[in-house]
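Asks: One structure is given below, represented as structure tokens, and several questions about it will come after.
The values are calculated or read from the model by the stated rules, or taken from the named source; none is laboratory data. What you see is a predicted model, and the numbers here were worked out from it, not measured in a lab. Cβ coordinates were reconstructed from backbone atoms using ideal geometry, including for glycine residues, and neighbour counts include every protein chain displayed.
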Amino acid sequence: MSEQPFVYITRDISPKGLDLVYKALGRVPHGKVAVKVSTGEPGNTHYLKAALVGEFVKGIQGDIVECNTAYGGDRSVTEDHYKVAEDHGFTSFAKVVILDEDGEIALPVTDGKHLKEDLVGARFKDYDFHVILSHFKGHLMGGFGGALKNMSIGYASPSGKLTIHGAGDEELGFGGDQDEFLESMAEAASAVIDAAGKENFLYINIMNYLSVDCDCDGNPAPPDMEDIGILASLDPVAVDQACVDLIFSATDGQSVVERIESRHGQVTLRRAAEMNLGSREYTLEEI
């Protein structure tokens with residue numbers, strides 16, 4: 001039996017805590033480094049703040065990377081998206097790159113049930129190493145958003161996002177079957193990992209502002225549970241599963257639990273494990 005992956009957790013949600021869990025991973029970014037975040041919709045205040053993540057991103061000499069949205073709004077057009085990134089403080093500590101500003105490329109999906117390819121921003125290919133830096137929270141459609149969603153929907157171009165939602169049918173888009181959409185997120189994440197090489201990723205989930213709604217919501221529900229901590233792993237399935245388990249074990253997590261359960265959120269984790277993206281069993285180590 002293979003050894004369970006480690007998920008490191010600190011309860012210290014600060015630049016110091018972030019640096020601590022990062023260093024515990026023992027994997028040093030190299031070459032041109034992409035730091036994948038959500039820049040957050042205008043009106044949303046739950047996105048990752050410069051005061052928390054800025055020194056970390058500068059320390060690894062990473063570019064903040066994003067792709068345009070498929071649902072309209074201020075992040076669906078490249079020029080406007082850059083303005084949102086600036087307004088939300090990301091340009092104060094890093095270069096920001098909208099990966100699909102020059103179009104999209106197709107990454108093959110191996111053994112996909114729904115997807116044969118994943119359409120991502122064309123500038124994805126410019127990067128050697130990827131830090132998936134996610135604000136873990138609930139999500140209106142996915143149930144929750146963490147590392148797997150940040151890689152799949154996050155790296156996808158607008159056409160790619162609609163294709164994932166439609167489980168391979170871009171025209172179906174947001175009207176697709178729920179479980180097939182969730183499985184397609186795992187399949188898209190697998191394409192991203194295969195394209196760059198699993199040794200060229202690390203995953204950090206920050207569990208603060210724990211609302212039922214995503215940073216992509218311009219008017220999210222206010223958080224109604226306490227912050228939990230920062231988790232890091234070299235395994236994207238393990239780090240997301242650990243976050244879900246912490247939500248389910250929290251005494252004040254009822255609203256986020258209901259959001260995850262009502263949207264069948266753990267289907268994404270199940271499909272990701274089936275595709276050998278990682279393990280739903282893990283060792284949680286507090287540091």
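Asks: Going through E187, E180 one at a time, which residue ends up being touching a His at 6+ places or on another chain (Cβ under 7 Å), crowded, with 23+ Cβ neighbours inside 10 Å, touching a residue at least 40 places away in the same chain (Cβ under 8 Å) and assigned to a helix (DSSP H, G or I)?
Replies: Among E187, E180, only E187 is touching a His at 6+ places or on another chain (Cβ under 7 Å), crowded, with 23+ Cβ neighbours inside 10 Å, touching a residue at least 40 places away in the same chain (Cβ under 8 Å) and assigned to a helix (DSSP H, G or I).
Conditions (1) touching a helix residue (DSSP H, G or I) at 6+ places or on another chain (Cβ under 9 Å); (2) among the hydrophobic types (A, V, I, L, M, F, W, C); (3) under 18 Å from G145 (Cα atoms); (4) part of a helix (DSSP H, G or I), marked per residue:
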{"position": "Y22", "(1), (2), (3), (4)": "yes, no, no, yes"}
{"position": "V28", "(1), (2), (3), (4)": "no, yes, no, no"}
{"position": "V57", "(1), (2), (3), (4)": "yes, yes, no, yes"}
{"position": "T69", "(1), (2), (3), (4)": "yes, no, yes, no"}
{"position": "G72", "(1), (2), (3), (4)": "no, no, no, no"}
{"position": "S76", "(1), (2), (3), (4)": "yes, no, no, no"}
{"position": "K83", "(1), (2), (3), (4)": "no, no, no, yes"}
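Asks: Still on this structure: Could you check the stretch 132-148 and list, in sequence order, the residues that are part of a loop (DSSP other than H, G, I, E, B), under 20 Å from Q178 (Cβ atoms) and among the hydrophobic types (A, V, I, L, M, F, W, C)?
Replies: L140, M141
Asks: Of everything in the stretch 97-111, what is closer than 22 Å to Q61 by Cβ and part of a loop (DSSP other than H, G, I, E, B)? Give them in sequence order.
Replies: Once the filter is applied, which keeps residues that are closer than 22 Å to Q61 by Cβ and part of a loop (DSSP other than H, G, I, E, B), the stretch 97-111 yields L99, E101.
Asks: Another question, then. If you scan the stretch 112-131, which residues turn out to be over 17 Å from N68 (Cα atoms) and part of a strand (DSSP E or B)?
Replies: The answer is E117, F129, H130, V131.
For every residue, the table says whether it meets (1) modelled with pLDDT under 95; (2) small (G, A, S); (3) more than 30 Å from G112 (Cβ to Cβ).
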site	(1), (2), (3)
K198	no, no, no
P223	no, no, yes
D227	no, no, yes
A232	no, yes, no
C243	no, no, no
F248	no, no, no
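Asks: Enumerate the pairs (first residue in the stretch 253-265 and part of a helix (DSSP H, G or I); second residue anywhere and of a type in the set (V, I, T) and crowded, with 20+ Cβ neighbours inside 10 Å) with beta-carbon separation below 8 Å, excluding pairs fewer than 6 apart on the same chain, so at least 6 apart or on different chains.
Replies: So the pair list comes out as S255/V212; V256/V212; V256/I247; V257/I247; E258/V212; R259/V212; I260/V244; I260/I247.
Asks: Of the residues L99, L119, L133, which is in contact with an Asp or Glu (Cβ under 6 Å, 6 or more places away or on another chain), among the hydrophobic types (A, V, I, L, M, F, W, C) and surrounded by 22 or more Cβ atoms within 10 Å (Cβ to Cβ)?
Replies: Exactly one of L99, L119, L133 is in contact with an Asp or Glu (Cβ under 6 Å, 6 or more places away or on another chain), among the hydrophobic types (A, V, I, L, M, F, W, C) and surrounded by 22 or more Cβ atoms within 10 Å (Cβ to Cβ), namely L119.
Asks: Could you identify the single residue in T69, T91, T78, T110 that is hydroxyl-bearing (S, T, Y), surrounded by fewer than 21 Cβ atoms within 10 Å (Cβ to Cβ), farther than 22 Å from E41 by Cβ and modelled with pLDDT of 95 or more?
Replies: Result: T110 is the single residue among T69, T91, T78, T110 that is hydroxyl-bearing (S, T, Y), surrounded by fewer than 21 Cβ atoms within 10 Å (Cβ to Cβ), farther than 22 Å from E41 by Cβ and modelled with pLDDT of 95 or more.
Asks: Please pick out the residue among G26, G17 that is within 21 Å of A238 (Cα to Cα), buried (at least 16 other Cβ atoms within 10 Å of the Cβ) and at pLDDT 95 or above.
Replies: From the options G26, G17, the qualifying one is G17.
Asks: What number goes with the only condition from (1) crowded, with 18+ Cβ neighbours inside 10 Å; (2) at pLDDT below 95 that G218 does not pass?
Replies: (1)
Asks: Going by the structure shown, is I64 in a strand (DSSP E or B), more than 17 Å from the chain's Cα centre (by Cα), at pLDDT 95 or above and not charged (D, E, K, R)?
Replies: no
Asks: While we're here: Does G54 satisfy the criteria of being surrounded by 14 or more Cβ atoms within 10 Å (Cβ to Cβ) and under 24 Å from D224 (Cβ atoms)?
Replies: No.
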